[in-house]
Structure formats: structure tokens, C-alpha cells
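Written below as C-alpha cells is the structure these notes are about.
The values are calculated or read from the model by the stated rules, or taken from the named source; none is laboratory data. Note that this is a predicted model, so its numbers are computed, not measured. Every residue, glycine among them, receives a Cβ derived from its backbone with ideal geometry; neighbour counts consider all protein chains shown.
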């Protein structure tokens, strides 16, 4: 930028320079303010959770807590009618198993769609893609009936298994697998490797970035899912964290310190995952936008 | 690869196809079929033809008023949040597209809320907007303004839900646009600059056409996503939801799992699903119209 005016009148150059500086300041100001608005809630949750309730309700606003305490965390983790610890555990094992199941099922299918020749391959794949247009909203009630018939109400399986049939994972991995050089398979075939060995020993290790992206997106989606776990669970002890916290939210409607301790606990895994896996998360999301 | 028939490829796709069939295709078909039945989930379903749909058009039927009010609320929510979710995220993505100090931190702040659950997003904002000691109220007071009853006073009830939603979900579109902007060739900007284009001209003639595909994708996915609004009113108000923020899915949930009128609930989701498909199709037509 600006190269073209270099040989212009000196006065013009200075003016233009000034305009650019002002624009830059405005830009930083706008982003700074927006970014603060977006980020402050996180800080405020933590700062509320670690102070005593008396201080939470202080009319005067103190950003820095005068006393730091873990009493809110203790209160929620020992509350027997709202087993936040159990909900956390449920959410965690369900999201982990769900992510593993999706990786396995979708990568197997994606491998076949991307690297093997078989009759009906493209037809089936296009049909799968076409069904991505169907609004999933119509599926919730029938799926409730299906898992009720199987006997999965209040079972982790209800939240682990059904969504593993989704098409997004197959699509994402298929695109990635299809981009790997064909010679790899051919060389392996010459060595006498079967399909499964090629899939397991060549394709999967080379596809780590795509697998990690998918795992993160799927874990987060499952960890945060709300409508389905609400339908699929009735027992307090079978709830996942987002659903359990709703009741908790109503019960502690006046104890914000305790509520924010609950919110902090629910925030930890996703925020950690985002901090360490940011690159993969962003790439995975962006992928669906570019190829979509 | 060899030409002769092999069962192996099918074994690879079988587990996924099985789950796909049982939990994605079967439910869709079952949903359609259920919508023609009256079913309380205990006794045998009774075929009633189009009656469940007819009830939604008959002003004397019990579902009529609630269905249209909540459907209207969902539409209102979509119409308000979708443009905001697109315009603000595109604006931020363009500002953060160039190299700048703290760029990665700024980006992180915008997509951090996306990884939270709707429950946590609602809990956080309920506290921030709290009537007596919430920080927003505190600063409004400090500026000499009245405290606002965000959760109990019109039109702020709506505004609260919109604010939470924008804060929570903006990051997804932000990521889409960041990726989309990378695809716009830099030379086009340089060419536009030589032609004397100002910022607005560059945006209108280079950026927008360059990210058209992304824009279409974002428009469709955001619209479809926002149609599914359920959690925000449900979590903020529990069973005491004010009528004007109760959305269609809240009502469907109530019909299906409180009163166990499965057929009526299924019919409502079918109407909702068809509306969503039609709107996507219209968006598709409009976006392709000037190609």
C-alpha cells in the first residue's frame, strides 16, 4: 500500500500517512472494544466463582476479589441433589467414546469411498451427501422412540451411538484421504498388504491432522449438545453437564457465586481443548465452509 | 485395483451405513408416518390422515394459537439473528484479515464462546445482566442510566436472547469468513487499488464477489442453525417462559414430552423441516440468480 504516491507531492504523502495512522487507530479501537466484550464474560465468571457470596452481592463493584475462596466449588461438588461431579463424568466419558466411535466408523467408510472401487460407490456417497440437507429436527422424536425401544433411555449409549451415523465425518475424512497419493496403496498392495492393513498402517497415520480436527469438533459438539441429552435422559444421575446445569441454574437462581463455579467447571474441558487444538479446530470448521 | 467383485469395500462402509440407516433415515421416515397418526405413546397409534396438519390450520383446535405464535417467534428470531451473525462476523473477519499486533489473541476471543454449551452461555449472561448487581447494570448506573430488567421486561427479554446468541455463535461464521477471505486473490485488491478504488469499493467489487461461495454457505447454515433455537428460552426461563419468547421447538418439546401427543408433535416438526428446506432452496436460487 502507498507505493504509488511515493513520487507525488510531499504534502499529499504526509496527509495520506496521517489518514492511514488514524484508520489504524480506529481499527484497533474497534477490535479492542469488541474483543473485550467477547472476552470479559470469561474473566468475570472466574472472578465471581472464586469469591465468597457476600462479596458477590456487594453493591460496589470490585474486579479483583478481596478474599479468594474455593467455597463455591466445594458447595457444588458436595451437593448431593445436583451431582455436578457425576454430570461432568457422564459428559466426559460420553464425549470421549462418541469421538472415538465416530473416528472409527467414519474413517472406515471414508477409506472405502475415497480409495476403493466398488459397485454403487459414487451413488451411495452422493446419496449420503444429499441427506445432509434433511433438517435433523424431524429426527428427534422418532429417535427417542427408537432408543426407548432399544432400552437406551438414561444410558450413555443413547448419546454415544446415534450421531455416529452422521455424514459430516465421512465427508471430511473422505476429502482428506482422497488427497493422499495413490502410489502409497499400490506399493502396499505389491507388498501383499490387504485393505485393512493399508487403512490402518498407511492411511490413518498420514491423516492425523484431519482425524484430530474431526475428533475435536465432534467432542465439543457432543460435550455441548443440549436438546438430545435432554430428551434421552430422565434420571438426575444420568444427565450430562449442560442438561444437569439447567436444573441447577434454576435451583441456585440467587447464588451466583455457586452458579459461576458450575459454569467454570463446565468451561474447563472445551476451553483447554480449544487452547491446545485451536489450529485443528479452526481448520476443521473452515473445511466445511470451503468445501460446502 | 482388481476388477472382480469383492465384499471387502462393503464391510468398510457397513458400520457407518448401519448407524446412518437406523438413526438418520429411519427416524426421518418414521417422523413423516407418525404425523398421520394420533398417538399418546401408551395405547396403539390411530391413523387420522391429515388431521394433525388440519389442526394447525383450524383456529378452534388446541394447537392452533400456540403453534403459530411460537413458529412466529422462531421466524422472528431467525430474521433478527441471522443478519447480525453474518454482518458482524464478516466485519470482524475483514478487520482481522491483515497482519496486526495481537491478531491471534483477538481471533481467539471471538471463537472462544463457540465451544461453550448453550447452558453455560445462558448462565454467564444471566449473571452479567442480573437486575441488582450485574456488571452491565452497574456500568449503566455509573453512566447515570436506569438499570434494565433484562429478563423480565419487554423488549429486553428478546434483546437478551439475541445478545446471548450473537456472543455465543458468532465465532463459527467468523472462522468461515476468515477462511473465505484467504481465497480471494491478493492481486485483485492491488488491481482495484491501481484503479483508485477506496475501501468501500474494494469491499463491494473484490471482497464480496470473492467470498460468494462462503457467503452462501454461511447464510444457509446460519439460517438452518438458528431455526433450531430451543435452549436459550428454555434455560433462561425454565417452565415459566413468557409467551413472547417461547419458540417452536419449546412448544414441540412440550407437546411431545409433556402431553405425549406424538403425532401432533411430529406434524409440527415436518412443517418446520419443510419450511427450512424451502428457505434454503430460496436462498440458493437468490444467490445463484446473478451468476
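Once segment B:234-249 is narrowed to residues that are at the interface with chain A (Cβ under 10 Å from one of its Cβ atoms) and assigned to a helix (DSSP H, G or I), the residue that is surrounded by the most Cβ atoms within 10 Å (Cβ to Cβ) is B:248. Can you list the helices (runs of 4 or more DSSP H) lying wholly within segment B:88-165 that have 3 or more residues being farther than 25 Å from residue B:242 by Cβ and within 8 Å of another protein chain (Cβ to nearest Cβ)? Correct list: B:103-111. Output the number of residues of segment A:187-197 satisfying the condition of being under 36 Å from the mean Cα position of the chain (by Cα), within 11 Å of chain B (Cβ to nearest Cβ) and in a helix (DSSP H, G or I). Matching residues across segment A:187-197 total 2. One residue stands out among those in segment B:198-211 that are within 12 Å of chain A (Cβ to nearest Cβ) and surrounded by 15 or more Cβ atoms within 10 Å (Cβ to Cβ): the one that is farthest from residue A:20 (Cα to Cα), which is B:211.
So that you can scan it fast, the table gives a plain yes or no per residue for (1) part of a helix (DSSP H, G or I); (2) modelled with pLDDT under 95; (3) over 22 Å from the mean Cα position of the chain (by Cα):
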site	(1), (2), (3)
A:35	yes, no, no
A:59	no, yes, yes
A:75	yes, yes, yes
A:85	yes, yes, no
A:106	yes, no, no
A:137	yes, yes, no
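Picking from A:109, A:75, which residue would you name as being touching a helix residue (DSSP H, G or I) at 6+ places or on another chain (Cβ under 7 Å) and facing chain B (nearest Cβ under 10 Å)? Going through A:109, A:75 in turn, just one is touching a helix residue (DSSP H, G or I) at 6+ places or on another chain (Cβ under 7 Å) and facing chain B (nearest Cβ under 10 Å): A:109.
When you check residue B:252 against the structure, is it touching a helix residue (DSSP H, G or I) at 6+ places or on another chain (Cβ under 6 Å) and assigned to a helix (DSSP H, G or I), yes or no? Criteria met by residue B:252. Answer with yes or no whether residue A:120 is more than 27 Å from residue B:247 (Cβ to Cβ) and at pLDDT 95 or above. When the stated conditions are applied, residue A:120 does not pass them.
If you scan segment A:144-166, which residues turn out to be within 8 Å of chain B (Cβ to nearest Cβ) and within 23 Å of the chain's Cα centre (by Cα)? Passing the criteria: A:161, A:162, A:163, A:164, A:165, A:166. Segment A:227-292 holds helices (runs of 4 or more DSSP H) entirely within its bounds, and those carrying 3 or more residues that are on the phi < 0 side of the Ramachandran plot, surrounded by fewer than 21 Cβ atoms within 10 Å (Cβ to Cβ) and in contact with a helix residue (DSSP H, G or I) (Cβ under 6 Å, 6 or more places away or on another chain) map to A:256-291.
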